[in-house]
Amino acid sequence: MSFVSTRDTSGAVGSGRVDLATALLAGLAPDGGLYLPEHVPPIDFAGLPPDDFPELATRILTPWLEEFMTLREVEALAADAFSFPVPLVRISDSVSILELFHGPTLSFKDFGGRTLGRLLGHLLQEKGEEVTIVVATSGDTGSAVADGCSGIPGVRVVLLYPAGQVSPTQEQQLIVEREGVTALRVHGSFDDCQRLVKGAFADSRLRHKRLSTANSINMGRLLPQMLYYVHAAKQYEAPVTFCVPSGNLGNLTAGMLAAESGMPVAGFLAAHNRNDFFPAWLSNAERAFNASVQTPSNAMDVGAPSNFERLTAMYAREELVSRVSGVSVTDKDTVSSIRCTLQETGYVADPHTAVGLEAVRRLQPEGQVVVLSTAHPAKFPETVEPAIGRKVTVPPQLTQLQQMPSSVQDMEADAGALADAILG
Ligand SMILES: *Cc1c(COP(=O)(O)O)cnc(C)c1O
């Protein structure tokens, strides 16, 4: 398997070609682009097992990983990383919800976090080296990466989040004590956190450290996100439409990679909140990136989706327009979508999933629709409970947090303080 940067203009010569190990360890290409596979290995869709997720994962991931893992090792990774259920719940004649939130931190980001941690651990063990993942987070990524990498030899995590700007539940998930993880509560904004992370990569005091990042541009997060699309598609006779609540467009990109590999699909629906760059671009190519605005589906508050560069390197605009529809949903409609869904179907959706459900109500795609449910509603009680007029059921992953010790360091938004924390 070889990967090239989205900014590699050398064409067929492919001078910047790297293997997957390099793409995983670096995250971003040296020219600032995102890595893309030169070709996507085909899957034997009909021959895949319909109801054994780890087995399906092994079959799909093996061609990608076999350059540095044996079949046994891929099997062990799949059994260990995907040790939770991935149910498809039918809520109406034509709509089903694929619940991706049964992992330890209750969002679909557990798929990526757990896989990336294990892949990096495997690569570093071979090299006898250590990596520090520095990640700025305003929501689900930080806890999924911290949890997915904790206790893996050779992998340390330093996570930064803005003080007072994450929900109490999210904060509890971020600061629970984990082996090999340092949580930093930054007195500044999320943008300050991102700026500090970028700065760390250029900091001369940290030059001797191997640093990596874990946002949704890393191939190690995209690959496992292909799996659940195929797992869902296997449960239907005919191709379905996938509705994807989207922010940085990593999840959508993974679905399109799955389609490239041979999964039958009727179409994709990218459901966005008021941060509507992508749906607007699909109808008018002149649209520019925006500054992000805050909404109840905060994990999708992205003004400049990072994987847009990957999608436009993979497809011409007309191709994207023909395969993907886009919808933008207001805050008010997000909340009423939670309420309507409960009234009409008895299902309690989180605000991100509710954006997807509203997009489906609006576009009414033909045939069966699978809405990806990206987070558990108990992560967002401040939005969900007023909408449904009762308490949400709290899963054990969250109740257990209350009994666990936490640890966090307060930090000014200062590059020197971050370097101290990384070196410490
Ligand atoms: C990250 C996230 C999204 C957006 O996913 P992208 O891959 O960035 O498009 C949607 N919902 C939830 C709950 C998330 O955590």
Scanning for something surrounded by fewer than 19 Cβ atoms within 10 Å (Cβ to Cβ) and of a type in the set (S, T, Y), does the stretch 109-125 turn up at least one residue? no
Residues to consider are V135, V145, V131; find the one that is open to solvent by less than 50 Å² (accessible area, probe 1.4 Å), touching a residue at least 60 places away in the same chain (Cβ under 8 Å) and away from the ligand (no atom under 16 Å from the Cβ). V131
With respect to the numbered conditions (1) small (G, A, S); (2) under 22 Å from F101 (Cβ atoms); (3) assigned to a helix (DSSP H, G or I), which one is the sole condition not fulfilled by G199? (2)
Expected output for the stretch 225-248 (first residue part of a loop (DSSP other than H, G, I, E, B) and open to solvent by less than 10 Å² (accessible area, probe 1.4 Å), partner more than 13 Å from the ligand (Cβ to nearest atom) and not β-branched (V, I, T), Cβ below 8 Å, 6+ apart or cross-chain) is V240/A232; V240/A233; V240/A266; V240/G367; V240/Q368
Can you confirm whether P239 is of a type outside the set (V, I, T) and within 14 Å of the ligand (Cβ to nearest atom)? no
Would you confirm whether any residue within the stretch 309-330 is within 15 Å of the ligand (Cβ to nearest atom), closer than 21 Å to F108 by Cβ and in contact with a Phe, Trp or Tyr (Cβ under 6 Å, 6 or more places away or on another chain)? yes
Checking the structure you have, find out if any residue of the stretch 41-50 is modelled with pLDDT under 95 and surrounded by 13 or more Cβ atoms within 10 Å (Cβ to Cβ). yes
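Go through the stretch 148-173 and give me each residue that's free of Cβ contacts under 8 Å to residues at least 24 places away in the same chain and either over 20 Å from the mean Cα position of the chain (by Cα) or under 29 Å from L61 (Cα atoms) (or both).
Residues satisfying the conditions are G164, P168.
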Unmet requirement for A202, which otherwise passes all of (1) free of Cβ contacts under 8 Å to residues at least 12 places away in the same chain; (2) surrounded by 19 or more Cβ atoms within 10 Å (Cβ to Cβ): (2)
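Rundown of residues vs (1) over 21 Å from the mean Cα position of the chain (by Cα); (2) at pLDDT below 95, yes/no style:
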| residue | (1), (2) |
| --- | --- |
| I175 | no, no |
| L184 | yes, no |
| H187 | yes, no |
| D192 | yes, yes |
| K198 | no, yes |
| H208 | yes, yes |
| S216 | no, yes |
| M226 | no, no |
| Y229 | no, no |
In this structure, does E171 turn out to be out of contact with any helix residue (DSSP H, G or I) (no Cβ under 8 Å at 6 or more places or on another chain), of a type outside the set (V, I, T) and buried (at least 18 other Cβ atoms within 10 Å of the Cβ)? yes
When you scan the stretch 1-111 for strands (runs of 3 or more DSSP E) that lie fully inside it, which ones turn up with 3 or more residues that are of a type outside the set (F, W, Y)? 88-90, 95-99
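Does the stretch 366-380 include one or more residues that are open to solvent by 40 Å² or more (accessible area, probe 1.4 Å) and within 26 Å of N284 (Cα to Cα)?
So in the stretch 366-380, the residues open to solvent by 40 Å² or more (accessible area, probe 1.4 Å) come out as 366-368.
Remaining after also requiring within 26 Å of N284 (Cα to Cα): 366.
Checking the stretch 366-380: at least one residue is open to solvent by 40 Å² or more (accessible area, probe 1.4 Å) and within 26 Å of N284 (Cα to Cα).
Going by the conditions given, is R390 part of a loop (DSSP other than H, G, I, E, B) and farther than 25 Å from Q225 by Cβ?
Details: part of a loop (DSSP other than H, G, I, E, B): yes; farther than 25 Å from Q225 by Cβ: yes.
Judged against the criteria, R390 is a match.
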Picked from the stretch 355-408 (must be charged (D, E, K, R) and more than 24 Å from E171 (Cα to Cα)), the residue farthest from the chain's Cα centre (by Cα) is E366
Of all residues being open to solvent by less than 10 Å² (accessible area, probe 1.4 Å) and in a loop (DSSP other than H, G, I, E, B) in the stretch 250-274, which is nearest to the ligand (Cβ to nearest atom)? Just the residue, please. N273
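Matching residues to (1) basic (K, R); (2) open to solvent by 20 Å² or more (accessible area, probe 1.4 Å):
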site	(1), (2)
T9	no, yes
R17	yes, yes
A57	no, no
A78	no, no
S83	no, yes
D93	no, yes
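Among D331, D350, which is the only one that is of a type outside the set (A, V, I, L, M, F, W, C), closer than 17 Å to L100 by Cβ and surrounded by 16 or more Cβ atoms within 10 Å (Cβ to Cβ)? Can you show your working first?
Values: D331 fails: closer than 17 Å to L100 by Cβ.
Answer to the check: D350.
Give the stretch 95-108 a look and list any residue that's within 19 Å of L174 (Cα to Cα) and either buried (at least 22 other Cβ atoms within 10 Å of the Cβ) or touching a strand residue (DSSP E or B) at 6+ places or on another chain (Cβ under 7 Å) (or both), or say none.
Selection gives F101, G103, T105, L106, S107, F108.
The values are calculated or read from the model by the stated rules, or taken from the named source; none is laboratory data. Predicted, not measured: the structure shown is a model, and the values here were computed from it. Reconstructed Cβ throughout: ideal geometry from the backbone, glycine too, with neighbour counts over all protein chains shown. Only protein heavy atoms, including side chains, enter the accessible area calculation; ligands, DNA and RNA are left aside. Shrake-Rupley method; radii C 1.70, N 1.55, O 1.52, S 1.80 Å.
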